[in-house]
Each structure stands twice: as structure tokens, then as C-alpha cells.
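The values are calculated or read from the model by the stated rules, or taken from the named source; none is laboratory data. Quick caveat: nothing in here was measured; it's all calculated off a predicted structure. Don't worry about glycine lacking a Cβ; one is built from the backbone with ideal geometry, like all the others, and counts go over all protein chains shown. For accessibility, only protein heavy atoms count, side chains too; no ligands or nucleic acids. Shrake-Rupley method; radii C 1.70, N 1.55, O 1.52, S 1.80 Å.
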Amino acid sequence: MTIDKPNGQQLKRLTNAIIKSGFVENFKELIKVADSISERSSLKSHDVDAAYIEYLSLFYEQMEGMSAGDALKERFANDIRSGSMDQGKKATSTYDILKAHTRARLQISNPTYKGD
Amino acid sequence: MIFGPGTDATLDDPLLRKRLANFIVSAASANGCVINGVTRLAGGAIQENYALDLEISGGPFDGHLSTVLRTSAPTGVADSHDRMSEFTITRAAFDIGVLTPRPLWCCEDRSVIGKPFSIMLRAPGEARGDGLGYDAAIASSSATIAEQLGFQLAKIHTITPETHRFDCLTPPASPALISIAHYRAQLEQNDGDFAAIEWGLRWLERNSPAHTELVLLHRDYRIGNFLFDKGQLTAILDWEFADWGDPHEDIGWLCAQCWRVGNTQREVGGIADRAPFYKAYQDRSGREVDPSQVFYWEVYAHVRWAMIALQQADRYLVGGELNLDAALSGHRLAELETEILRMTPPESALI
């Protein structure tokens with residue numbers, strides 16, 4: 001699962017609850033957005049996460065598969081915080097991984113986003 | 001937008017309205033008060049706002065009074081002030097002539113409407129959180145609006161820890177470093193590893209300002225919190241995040257890409273260019289706007305919005321509030337991280 005929340009299932013539960021409450025008219029557009037995210041999430045979320053773990057495995061040269069994924073993600077975040085990734089090749093690789101992972105998550109949350 | 005447990009449309013309750021009218025009679029030193037109309041206002045991501053039309057008899061407010069009642073949503077975010085604190089800060093700003101609706105009364109007694117609330121005069125104009133870049137009246141007067149925004153912000157920033165004391169605010173030694181520590185602590189409470197936000201926080205730590213002048217910040221100075229009427233700024237709303245801090249923070253928040261609401265070329269909130277805004281601010285404040293510091297606080301703005309987005313999502317996930325708008329904020333994270341990364345390539349530093 002990606003870090004983006006509510007995840008697809010949680011969003012689906014929320015839109016269902018809103019539909020049940022009878023306020024659908026006021027929230028038609030938002031429900032449409034939520035349903036699209038939910039659908040993309042169920043299709044892509046696993047692959048996005050798997051790709052991220054693969055990047056991290058390569059980066060740390062630890063080919064331990066998905067089971068070690070959470071530990072790798074935590075290590076990566078901690079290393080960034082501690083300043084270990086501030087400089088040189090580590091900084092460049094870290095940045096590239098972050099960009100790739102963020103871009104992939106954007107394909108779920110808002111594929112039309114262009115920024116500047 | 002209100003679905004929270006036990007709070008939906010409570011102002012429709014006749015008994016509650018009677019208690020509210022009694023409170024107003026007492027607070028306004030009046031003989032009587034009739035509440036003629038209550039309308040839920042759009043906007044207010046965290047607070048609820050109701051237009052309240054009053055007929056007051058006797059006392060200094062005798063006659064018709066158009067007001068807004070402001071109260072908390074069922075769930076909120078951690079950094080938002082309570083109603084009394086916000087009321088006190090707003091009154092200080094109003095008293096020095098900031099263009100904000102006149103705060104009238106604040107009530108912390110929960111027996112009146114079930115939760116604390118404040119009442120202010122209703123200012124003319126319209127708030128448009130979805131952006132004003134396409135509004136013809138705004139487009140034709142964007143430079144004037146930029147000047148008004150710069151002038152008003154400079155006025156807010158004349159409030160300092162030397163001129164005012166607020167019980168709810170403590171002047172920080174380093175606003176940036178304190179925020180960074182605060183956000184890291186928040187991330188630790190969250191389920192997940194937010195590596196891109198950590199990257200942004202690390203950049204902010206490495207580039208934190210050596211010296212900060214402390215002033216009162218609005219801390220949510222953006223298009224969604226302004227009222228406009230016929231192409232003119234008429235009011236600055238929502239002081240719930242106000243705090244002491246670096247004046248560049250408010251400038252960075254308004255100019256940050258994430259608040260340009262789809263009109264990215266207009267760098268002041270999606271409606272104007274920077275030059276007239278900076279000039280008006282500098283002329284009124286006598287303080288030089290440092291573009292590198294504004295850039296720093298624009299990076300900060302994206303990190304801060306990301307942290308708020310996480311909290312907004314938790315209003316549903318943890319707080320149980322069936323608020324789709326808030327829940328979807330959680331999915332702004334990837335956009336915000338995209339901007340953080342765009343602004344902070346490896347080994348980038350402020351000049």
C-alpha cells in the first residue's frame with residue numbers, strides 16, 4: 001500500500017456512507033473524484049509500492065523482497081532525516097527515488113496534475 | 001459539509017436559538033434579540049460559519065445586524081486555535097485597522113449551542129477558495145488587489161511581541177526549527193514513512209534562517225480566506241492559525257505554488273504578480289522583502305500544507321467525521337511532494 005490516505009477501500013466506505021446519508025447532490029463532484037482515486041488505487045497501489053521497495057532494495061543492495069519492505073522504507077526515511085543522504089551520489093539517488101515514487105503516486109491521486 | 005456526530009444543523013433547533021438570542025441580549029447589552037435567519041456559509045475547511053441575521057432592540061447595537069457565527073467543526077487539526085484565542089487575536093488586528101470583520105462577542109459556555117463560538121459582523125464580498133484568476137473584476141484590478149494584500153499584511157505584521165501579548169501564543173526562539181521538530185514528531189505518530197516530506201524537512205533544517213524577526217503572522221493568508229467585492233479586497237478572514245513568526249512566512253504562504261489555485265503564472269495567490277505586492281508591503285512596513293527567504297518559506301508552505309493534509313485525512317480516518325472534502329486532502333500529498341522536490345534538488349541551498 002502507498003502512504004496516501006484514505007486508501008481506496010477507505011474512500012469507497014466514505015463515499016458509500018455519504019450516499020447512504022442522502023447528501024449526494026451536494027457532493028456529486030467530490031464523490032466522482034473519490035471514486036476515481038479509489039479505482040486507480042485498487043489497480044495500481046500494489047505495483048507502485050512494489051516498485052518503491054525495489055528501488056530501495058537496489059539502493060541499499062538488499063535484495064530481501066517485499067517482506068523487508070517496511071523496514072527499508074523506514075530506514076530510508078530515517079537516513080534522510082539524519083542527514084546521511086545530504087550529499088554526493090547518495091543525495092542524487094535519493095532524490096531520483098523520491099521523484100519516481102512521487103510521480104507514480106500522483107498517477108493514483110491526481111494524474112492530471114502538472115504544477116508549473 | 002457538516003456530517004459529524006451530533007452537530008448537524010444544530011442552529012435549526014428553536015430552543016438552541018432561544019438560548020443564543022438570550023446570550024446576544026446579554027453580550028450586546030440589549031433588551032431583546034430576534035434571530036431572523038441562519039444560513040450555513042460555504043468554505044471553512046475546519047470551522048463552521050453561519051450567517052446570522054439579527055434584530056436587536058435597545059443598547060448600542062439597536063437595529064438590524066448582519067453577523068457571522070463561527071464555531072468548530074466536529075473534528076479539527078492540532079494547530080488550530082480555540083474560538084476565544086482566535087477572537088482575541090482577531091480583535092487585536094481589527095483594533096489596529098486591519099481589514100477584518102469586526103469581532104463582536106465570544107462565548108465559551110457550551111450550554112448555549114453545545115460548543116464555544118464567536119460572532120462577528122458580516123463583511124461584504126465573496127470568498128472564492130477555488131480561485132479568482134478567471135474573475136473579470138479581479139483580473140482587471142489584480143495590481144490593486146496585490147497592493148491591498150501587501151498593505152494589509154504589513155499592517156498585521158506591525159503587531160509584535162513587544163506591542164502585544166496573547167496568552168495563547170509564545171514567541172519562539174526559532175520558528176523554523178521549532179516547526180521542523182513539531183512536524184517530525186507528528187510524522188512519528190503517523191502510520192507510514194513519509195520520505196519526501198522528510199527530504200523537505202531536512203532541506204528546511206539545513207537552510208533555516210539564522211535570524212528571525214518576530215511578528216504576528218496570519219498563517220493562512222491566502223485567497224480562500226479573503227473576501228472580494230467588485231474587484232476590491234473587503235476582508236481578511238480565519239485567524240485560527242495566527243502565531244508569532246518570521247514575516248516572510250506569510251508572504252511565502254500566499255505566493256506558494258500550492259495556493260495559486262490553477263493559475264500558476266500569477267504568483268501572488270493565483271491573482272497577481274509579485275512586484276506590486278512586494279512594493280506595497282515594503283512601503284508600508286519599511287521591511288525589505290528578501291526573495292531567498294520568501295523561497296525558503298514557500299518550500300515550508302508545501303511541507304506545512306502536506307502536514308495539514310495528513311491531519312485533514314485523519315478527521316475521517318481517526319475522528320470519524322464523514323467529511324469527503326477533508327478526506328480527499330490526504331490525496332494532495334503527492335502534488336505537494338512534487339513541488340517540494342521540484343524546489344529542492346540535491347545539494348540545493350539558498351543563495
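Rounded to the nearest 20 debye, the dipole size of the stretch B:107-182 about its Cα centre is 120 debye, using +1 on the Cβ of Lys and Arg and -1 on the Cβ of Asp and Glu.
Heavy-atom accessible area for B:Ser179, with the other protein chains in place and a 1.4 Å probe, reaches approximately 20 Å². When only the Cβ of Lys, Arg, Asp and Glu is charged (+1, +1, -1, -1), the dipole of the stretch B:120-244 relative to its Cα centre reaches about 320 debye. Solvent-accessible surface (1.4 Å probe) assigned to B:His64 amounts to roughly 100 Å².
By accessible area of protein heavy atoms, probe 1.4 Å, what ranking do B:Leu149, B:Leu121 get, highest first? Walk me through the numbers before you get to the answer.
Working: B:Leu149 0, B:Leu121 55 Å².
Largest to smallest exposure gives the sequence B:Leu121, B:Leu149.
Entry for the stretch B:210-327 at q = 0.22 Å⁻¹: log10 I(q)/I(0) = -1.40, Debye formula applied to identical alpha-carbon scatterers, no solvent contribution.
Result for chain B in a Gaussian network model with C-alpha springs under 10 Å: among B:Gly231, B:Gly269, B:Gly114, the largest mean-square fluctuation is at B:Gly114. Percent of Cα pairs in the stretch B:225-291 per distance bin of 5 Å, from zero to the largest separation: 3, 15, 21, 28, 24, 9, 1. Across the stretch B:93-107, computed HN-Hα scalar couplings (Karplus, 6.51 cos²θ - 1.76 cosθ + 1.60, θ = phi - 60°) run 5, 4, 5, 9, x, 5, 6, 9, x, 5, x, 9, 9, 10, 10 Hz from first to last residue, x flagging Gly and Pro.
Over the protein assembly as shown, the alpha carbon radius of gyration divided by the compact-protein estimate 2.2 N^0.38 Å works out to 1.02.
Within the straight-line cut-off of under 26 Å between alpha carbons, the lysines reachable from A:Lys89 are A:Lys73, A:Lys99, sequence neighbours fewer than 8 places apart in one chain being disregarded. Taken over the Cα atoms of chain B, the convex hull encloses 136 Å³ per residue. Under 16 Å between alpha carbons, and skipping anything fewer than 8 positions from A:Lys90 in its own chain: which aspartates and glutamates qualify? Candidates past the 8-residue exclusion: A:Glu61, A:Asp79, B:Glu198, B:Glu347.
How many percent of all Cα-Cα pairs in the stretch B:139-270 sit more than 24 Å apart? Before the final figure, lay out each step's value.
Values: 3365 of 8646 pairs.
Across the stretch B:139-270, Cα pairs with separations above 24 Å total 39 percent.
Kindly provide log₁₀ I(q)/I(0) values, in the same order as q = 0.16 Å⁻¹, from the Debye equation applied to equal alpha-carbon scatterers of the stretch B:63-189. Ignoring solvent entirely, the Cα scatterers give -1.15.
The average projected area of chain A, computed from the convex hull of its Cα atoms over all directions, is 9.0 nm².
Each Lys and Arg contributes +1 and each Asp and Glu -1, all at the Cβ; summed about the Cα centre of the protein assembly as shown, the dipole is approximately 580 debye.
To the nearest ten degrees, helix B:142-156 and the longest principal axis of the Cα atoms of chain B are 80 degrees apart. Compactness check for the stretch B:154-209: Cα Rg over 2.2 N^0.38 Å is 1.47. In the context of the full set of protein chains, chain A has a per residue accessible area of 55 Å² (1.4 Å probe).
Nearest 10 degrees, 0 to 90: what angle lies between the long axis of helix A:8-21 and the longest principal axis of chain A (Cα atoms)? The angle comes out at about 20 degrees. Measuring with a 1.4 angstrom probe and ignoring ligands and nucleic acids, B:Thr39 comes out at about 80 Å² accessible. Restricting to Cα pairs below 8 Å that are 6+ residues apart, what does the relative contact order work out to for chain B? Please round to a whole percent. Relative contact order of chain B: 17 percent. In the elastic network of chain B, a GNM with C-alpha springs shorter than 10 Å, the most mobile of B:Ile89, B:Ile178, B:Ile236 is B:Ile178. Quick check: the angle from helix A:88-109's long axis to the longest principal axis of chain A, C-alpha only, nearest 10 degrees? Taking the Cα atoms of chain A, the angle to A:88-109 is about 10 degrees. Put B:His157, B:His182 in order of accessible area, highest first, and with a 1.4 Å probe you get B:His182, B:His157.
Can you pull out the buried accessible area for chains A and B, both sides counted, probe 1.4 Å, rounded to the nearest 100 Å²?
On the way: alone 8410 and 15450 Å², together 19880 Å².
Counting both chains, the buried surface is close to 4000 Å².
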